[in-house]
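Before any comments, here is the structure.
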Amino acid sequence: MSDRISRTQAITRVMLATKLTRADAEEWLDDAFPIEPPQLTRDPAGIRDPLRFYAGGLTYVDIEAGQDSDVDLESLEEALADLLGTRTAQPRKAGKDRSFEKDDKPLVEQMRSHVQGGLTPSAAALLFVDEAVGGGSAESKQRRLQRLYSKIYGET
């Protein structure tokens, strides 16, 4: 569960981070984290009646809705980083392999017979670029296959 801070604390953080006036900080926070207006419902029996209005009839309002709302601290920090242009790249999630090495190994094994037959690793890689996965260009796939070939077999 992430930490939450009051809207008043969030405004103070915005003011300190951005040097905005209180009014401007409140306006920015309202735009970034809008507050849902409290839902007013009728209670004809008057059972749930923390407040009574007579504008439009007997009405009740949830008392909690009038209290200072809160803001998710992590979301606030991300929004401030976007505003200030200081957002940094997210670290890679552990365990997620983003390389194509697993998919490229069978192609590199096929390249091996062509290299032993006299082709250079670069020329052999060019033969298999259409079978290589990924959205890169033919040249980038060729370089990727050639690098993996050199890594496995030590030849360039």
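A few comments on the model shown:
- Selection from the range 122-141 of residues that are more than 11 Å from LEU107 (Cβ to Cβ) and buried (at least 18 other Cβ atoms within 10 Å of the Cβ): LEU126
- Yes/no for GLY117 being out of contact with any Ser or Thr (no Cβ under 7 Å at 6 or more places or on another chain), modelled with pLDDT under 90 and loosely packed, with under 12 Cβ neighbours inside 10 Å: no
- Filtered residue count, the range 123-140, keeping only those that are assigned to a helix (DSSP H, G or I) and at pLDDT 90 or above: 5
The values are calculated or read from the model by the stated rules, or taken from the named source; none is laboratory data. Note that the structure is a prediction, hence the values are computed from the model and not measured. Neighbour counts run over all protein chains shown; Cβ positions are idealised from the backbone, glycine included.
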